[in-house]
Amino acid sequence: MYPHPVFLGMNLYDLLTAFGLLAALIVFRYYLEAREMPRKYQLIFLGIAIPAVCIGYLAAALFQAFYDYLATGVFAFGAITFMGGLIGGAVFYLLCTWFIGKIAFTKEKQKEFFGMFLHIVDVAPCCIAIAHAFGRLGCLFGGCCYGKETHAWYGVSTPFETHKVVPLQLFEALFLFGLFAFLTYLFFKKKKLLPMPVYLIGYGIWRFVIEFFRSDERGATIISAFTPSQLTSLLSVLLGVVLLYRYFFIKKQKDFN
């Protein structure tokens, strides 16, 4: 753990988070070029993504504040939760895309615009996975999102505990890099509309399981047996299964026809 400033007042958590966003931007740019998306559509979808990230951050803070309120009775901003931010950012992006498509394009062009949006559905999981992977490395140095106490050789120290803990942030980062690689494979194999359900199911299952091994404060929900992130993970898996079923059902119908 090293939560100290290293460059221009920023610590490694800040730098790695910024690097993750830069990596996501690079993936967004070059992956859509590979799909031959016209530059004007790239700029529109990127323009929507910028405020969506900001809204996602606010949602992450709001969700965590609500979870903490359920656990402690105190509503205060401070920590953030990834799953809450993902939900908030995604909802904003979808609504904003629909609104722009309806008001900025004629009916003839709307079909093309929303058709291009399907490429965003494919590239978004890749961008999220790579940004999140670097973000989790930032968590490792920042000292948050840590695991349970351990005396094993791989245990790390944290500013918030007197004993060593399991570096779940590192394990999650490695998982996310692997997930990113697999999603990239699906993207370039032109498995259209498949990366999103794979991401939702894959990360949802992962997050649900590792929550049992975390020891930092997670907040509370109306179901005491599960943490907030576990509940949202279950919803993620459920949505992914629905999308996956729809994907293979439509593919089967096309093959039959």
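Solvent exposure of Phe77, expressed as accessible area, is near 130 Å², computed with a probe of 1.4 Å over the protein chains only.
Just to confirm the filter: which chymotrypsin sites (Phe, Trp or Tyr not before Pro) across the stretch 91-146 are DSSP coil and have at most 12 other Cβ within 10 angstrom of their Cβ?
none
Of all aspartates and glutamates in the structure, those lying under 18 Å Cα to Cα from Lys192, and not within fewer than 8 positions of it along the same chain, are Glu33, Glu36, Glu112, Asp122, Asp255. Going by the alpha-carbon gyration tensor, a ≥ b ≥ c the square roots of its eigenvalues, is the stretch 22-175 rounded (a/c under 1.5) or, if a/c is not under 1.5, prolate (a/b greater than b/c) versus oblate? Taking the square roots of the gyration eigenvalues as a ≥ b ≥ c, the stretch 22-175 is oblate. Counting heavy atoms of the protein chains alone, Thr72 has an accessible area of about 90 Å² for a 1.4 Å probe.
In a simple Cβ point-charge model (Lys, Arg +1; Asp, Glu -1; nothing else charged), the chain has a dipole of about 1180 debye relative to its Cα centre. Looking at the square roots a ≥ b ≥ c of the eigenvalues of the Cα gyration tensor of the stretch 111-179, which shape do they give, rounded for a/c under 1.5, prolate if a/b is larger than b/c, or oblate? Verdict is prolate for the stretch 111-179.
The share of accessible area on the chain that comes from carbon and sulfur is 72 percent, using a 1.4 angstrom probe. Note on Lys40: accessible area approximately 110 square angstrom, rounded to 10, probe 1.4 Å, nucleic acids and ligands left out.
Just how large is the dipole of the stretch 1-127 about the Cα centre, in debye to the nearest 20, putting +1 at every Lys and Arg Cβ and -1 at every Asp and Glu Cβ?
Numbers: 8 positive and 7 negative charges, 94 e Å.
Dipole size: approximately 460 debye.
Counting only protein heavy atoms and a 1.4 Å probe, the chain has 56 square angstrom of accessible area per residue. Taken about its Cα centre, the stretch 109-247 carries a charge dipole of about 660 debye when Lys and Arg each add +1 at the Cβ and Asp and Glu each add -1 at the Cβ. Computed 3J(HN,Hα) for the stretch 199-207, one whole-Hz value per residue from the Karplus formula 6.51 cos²θ - 1.76 cosθ + 1.60 where θ = phi - 60°, is 5, 4, 6, x, 6, x, 5, 4, 5, glycine and proline marked x.
Remark on Gly147: its backbone amide H falls under 5 Å from those of Val166, Leu168, Gln169, Ser215, a criterion applied only to residues 5 or more positions apart or on other chains, H modelled at 1.01 Å from N. Short to long, the 10 Å bins of the Cα pair-distance histogram for the stretch 1-106 hold 13, 31, 33, 17, 5, 0 percent of all pairs. Relative contact order of the chain, taken over Cα pairs closer than 8 Å and 6 or more residues apart, is 21 percent.
The values are calculated or read from the model by the stated rules, or taken from the named source; none is laboratory data. Not measured: the values here are computed from a predicted model. All Cβ positions, even for glycine, are placed from backbone atoms using ideal geometry, and neighbour counts span all protein chains on display. All accessible areas refer to the heavy atoms of the entire protein, side chains included, with ligands and DNA or RNA removed. Shrake-Rupley method; radii C 1.70, N 1.55, O 1.52, S 1.80 Å.
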